[in-house]
Amino acid sequence: MRNSQIVNLRVFAIFFVVIGHCVIIFDPRWDIYHPTYPSKSLYYFKEFINSFQMQLFFSISGFLYYYSKNKKNNIEFIIDKGKRLLIPFLFVGLVYLIPIRFLAHYPNYSNGYFSALGDFFIKNDCGHLWFLPTLFGIFIISKYLISFVENSIVLKLALFVIAILTSVFNGHFPSFLYINLILKWEVFFLLGYYVHAYKDVLFDKRYKNLWYLGVIVLPPLLYIRFLTLQTSIGAPIRFVFSILMVLIMYRFMPSKTSELISFFDKNSFGIYLFHAPVIYVVFDNFYYMYPWQLVGIAFFSSCSIALLITYSLRLLKLEIMIGEK
């Protein structure tokens, strides 16, 4: 039986991932495409989205892992995750992402297809698809780490503290095989896992006032987060805000869902896989539009085309390419 709250959270997460990619053009640090009309409000909106979008995605994976942790042996588990994550990574990257980037005049592809191919594998220039090999690595190491600490609350706490430290200082680790990203996001996978394991205690009615206090703390903490974006203390503040934001979403997300939300949940992975290259094409051709017009076109066109491709692959019995078989 599906967890309706997780369904709601996953749909919430995927739409904010898409929206985040639609507004990234207004981030002055992003130098791939440039809008005619900059928007400071959309830049800050992007920063706000950055504080929870992928954090929530990784935590949902950890939450759901709690259900399946003992259903497969190690080899079966690795093969299953490889099929679900690495096959879509290769298929979408090589057949879809790279060709569409050429159509969108992606600046880093000036040296031809084979250079782009090398960048995809060697420099990790895979756009939004970085999530897939990163999650694969997290699944593999988490299976061993979680089983090792499972019977000791002290070891569980130690593992979580270590994960926090490696997340905050992930920039000191190599990018080879996505090691730095695996270490950055492992803590949020563990967060979701332990939210599931201890949800009855965490969300006990006796502590509801503490959660309401957390909601009250969020706005001033967000303000401080914005003030410290370019400072040395910014990273830990962003981290604390992200943890609190994710926990509050688990606490207050409604447990009732709808057919429409279930529809988007069923297709959320397809939306994730196929939306971003469409946004590149929109940015390349409509950069001159007013900000909200540009964002609206990017959002609706990317979601629509992603859904169309997802259903087309199912009709062609190619579900394995989108991690479904």
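The values are calculated or read from the model by the stated rules, or taken from the named source; none is laboratory data. For clarity, every value in this text was computed on a predicted model and none was experimentally measured. Note: ideal-geometry Cβ built from the backbone for every residue, glycine included; neighbour counts use all protein chains shown.
Observations on the structure shown:
- Count of residues meeting criterion [at pLDDT 95 or above and either surrounded by 17 or more Cβ atoms within 10 Å (Cβ to Cβ) or touching a helix residue (DSSP H, G or I) at 6+ places or on another chain (Cβ under 6 Å) (or both)] in region 256-280: 17
- In region 152-168, the residue that is farthest from F139 (Cα to Cα) out of those that are surrounded by 12 or more Cβ atoms within 10 Å (Cβ to Cβ) and either among the hydroxyl-bearing types (S, T, Y) or modelled with pLDDT under 90 (or both) is V168.
- Which listed residue is more than 28 Å from P219 (Cβ to Cβ), modelled with pLDDT of 95 or more and not basic (K, R), from F299, F283: F283
- Selection count where residues are closer than 27 Å to I237 by Cβ, among the aromatic types (F, W, Y) and part of a helix (DSSP H, G or I), scope region 136-172: 1
- Lone qualifier among L94, L64, L117 - being under 17 Å from F189 (Cβ atoms) and either over 21 Å from the mean Cα position of the chain (by Cα) or among the aliphatic types (A, V, I, L, M) (or both): L64
- Looking across region 226-249, the residues that are of a type outside the set (A, V, I, L, M) and over 13 Å from L191 (Cα atoms) come down to F226, T228, Q230, T231, S232, G234, P236, R238, F241.
- Matching residues in region 51-85 - criterion: being part of a loop (DSSP other than H, G, I, E, B), touching a residue at least 40 places away in the same chain (Cβ under 8 Å) and surrounded by fewer than 16 Cβ atoms within 10 Å (Cβ to Cβ): K69
- Residues considered: P99, P88, P133, P38. Of these, the only one that is free of Cβ contacts under 8 Å to residues at least 12 places away in the same chain and either part of a helix (DSSP H, G or I) or surrounded by 12 or more Cβ atoms within 10 Å (Cβ to Cβ) (or both) is P99.
- Region 170-210: number of residues that are within 26 Å of I248 (Cβ to Cβ) and of a type in the set (S, T, N, Q): 2
- Summed over region 171-215, the residues that are more than 15 Å from the chain's Cα centre (by Cα), closer than 18 Å to S59 by Cα and among the small types (G, A, S) give a count of 1.
- Among the residues making up region 215-260, those that are within 26 Å of T166 (Cβ to Cβ) and of a type in the set (G, A, S) are S232, G234, A235, S242.
- For region 274-320, a residue qualifies if it is within 19 Å of the chain's Cα centre (by Cα) and among the aliphatic types (A, V, I, L, M), and the qualifying residues are A276, V278, I279, A298, A306, L307.
- Among the candidates F283, F299, F263, residue that is more than 19 Å from V95 (Cβ to Cβ), without any contact (Cβ under 8 Å) to a residue 60 or more places away in the chain, hydrophobic (A, V, I, L, M, F, W, C) and in a helix (DSSP H, G or I): F263
Here is a yes/no grid of residues against (1) of a type in the set (D, E, K, R); (2) under 29 Å from S255 (Cβ atoms); (3) out of contact with any Leu (no Cβ under 8 Å at 6 or more places or on another chain):
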site	(1), (2), (3)
I19	no, yes, yes
D27	yes, no, yes
E47	yes, no, no
S59	no, yes, no
L64	no, yes, yes
N73	no, no, yes
G82	no, no, yes
I87	no, no, yes
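- The set of residues in region 169-223 being in contact with a Ser or Thr (Cβ under 8 Å, 6 or more places away or on another chain), within 15 Å of I243 (Cα to Cα) and of a type in the set (V, I, T) consists of V187, V195.
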